[in-house]
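Data first, discussion second: the structure below is written as C-alpha cells.
Where a number appears in this text, it was derived from the coordinates with a stated rule and is not lab data. What you see is a predicted model, and the numbers here were worked out from it, not measured in a lab. Cβ placement follows ideal geometry from the backbone for every residue including glycine, while neighbour counts extend to all protein chains displayed.
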Amino acid sequence: MSPLDRLEWLTAIVAFDGIRGGAAIRTATVLTKYCNKKTGIARPSIQTIANETGLTSRAVRTGLVELENTNFLAIMRSAGGVSSLTNEYRLIHKEGVNPATGVNSTSGVNHSSLTPELQFHEPLNSSSPEQGIEQGKNKGKEKPSVSPCPHSEIIQMYHTILPELPCIVRSRWHGSDRAKNLATRWKEDPRHQKIDFWETFFQTVRRNPHWMGENGRNWRADLGWLVKRSNFDKVIDRGVDEQHRSVMS
C-alpha cells in the first residue's frame with residue numbers, strides 16, 4: 001500500500017458516517033504509521049497503539065473491532081485472540097468507495113473537504129465497448145487514456161508556490177532526466193494527473209523547512225529532486241504524517 005493509498009484510507013475513515021468513535025480514528029492513524037508499503041499489513045501491539053494514542057488497551061480493541069466491522073480493516077488474529085500482541089492488521093483500501101456512505105460509487109470521491117494538505121481523487125475508469133464479438137472479448141481490457149504531462153503548467157505552479165527554490169530553466173528542462181521523471185510521476189497514477197494534486201504537493205514541500213533551505217548547508221530542494229521516485233514518496237509520506245498529527249491533535 002503506497003503512501004497515497006494510506007492517506008486515502010485514513011481520510012475515508014475520518015469521513016465515514018459509520019465510524020462513530022474517536023478511538024477508531026486514532027487507532028487508524030497509528031496503523032498507517034506501521035503499515036508495510038508492500039504488503040499493506042501493520043503489526044503494532046495493542047500496547048504500542050495505546051501508548052501512541054493515549055487510549056486504554058480496551059479502547060484500542062474497541063477501535064480495531066469498529067474498523068473491522070466497517071470493512072476498513074482485516075484482522076488476522078493469533079491463537080491468543082483479539083488482545084494478542086502478535087495480531088496482523090491488513091488495511092483495506094476500497095477504491096471507488098464514497099467515504100461518506102461506505103458504498104461503491106461511480107461519481108468519484110471528493111476529498112477536498114477532508115484533507116486540505118493533500119487532495120487526491122479516485123482513478124478514472126475507461127469505458128468498455130458494448131457491441132460486437134471482438135469488442136465483447138476486449139471488454140474491460142482497455143487502459144484509460146493518459147493525457148500528456150503538462151510540464152509548463154506544473155513548472156509554473158512550482159515557481160509560484162516555491163519561489164525560494166531553484167528556478168527551472170525551461171530550455172534545459174526539455175528532454176532531461178528531470179523531465180522524464182516528472183512525466184513518469186504523472187503517468188504512474190491517475191491521481192497524479194490532476195493539477196490540484198501538484199498544487200497541494202508543492203504546498204506540502206513548502207511546510208518542510210529542511211527542503212526550503214533551513215538545514216545548515218544552505219541546500220534547497222528543486223523540482224528535479226522532488227520528482228525522483230524516492231523523494232516524491234518522501235513528500236507523500238510527509239502528507240500522511242501531517243494528517244496523522246491533525247487527527248491526533
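Could you tell me the calculated FRET efficiency between HIS93 and SER171, based on Cβ-Cβ distance and R0 = 51 angstrom, to the nearest 0.05? If you can, show how the numbers build up before the last one.
Numbers: r = 41 Å, r/R0 = 0.81.
The pair HIS93/SER171 has a calculated efficiency of 0.80.
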- Honestly region 159-249 on the Cα gyration tensor test (a ≥ b ≥ c root eigenvalues; a/c under 1.5 rounded, otherwise a/b vs b/c for prolate or oblate) is just oblate
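With the Cα gyration tensor of region 1-83 giving a ≥ b ≥ c as the square roots of its eigenvalues, does the rule (a/c under 1.5 for rounded; else a/b larger than b/c for prolate; else oblate) give rounded, prolate or oblate? Each step should come with its number before you reach the end.
On the way: a/c = 1.45, a/b = 1.14, b/c = 1.27.
Taking the square roots of the gyration eigenvalues as a ≥ b ≥ c, region 1-83 is rounded.
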- Query: Counting other Cβ atoms within 10 Å, which chymotrypsin sites (Phe, Trp or Tyr not before Pro) in region 176-221 have at most 16 and lie in a DSSP loop?
  - Reply: TRP219
- Note on the structure: Label model pair ASN51, HIS159: point-to-point distance (7 angstrom along the Cα→beta-carbon line) in nm is 5.0 nm
- Query: Among the listed pairs LYS33/LYS180; LYS37/LYS228; LYS37/LYS180; LYS33/LYS187; LYS37/LYS187, which are separated by more than 22 Å between their Cα atoms?
  - Reply: LYS33/LYS180; LYS37/LYS180; LYS33/LYS187
- Item | Residues ALA74 and LYS194, FRET efficiency given R0 of 35 Å [Cβ-Cβ distance, rounded to 0.05] | 0.70
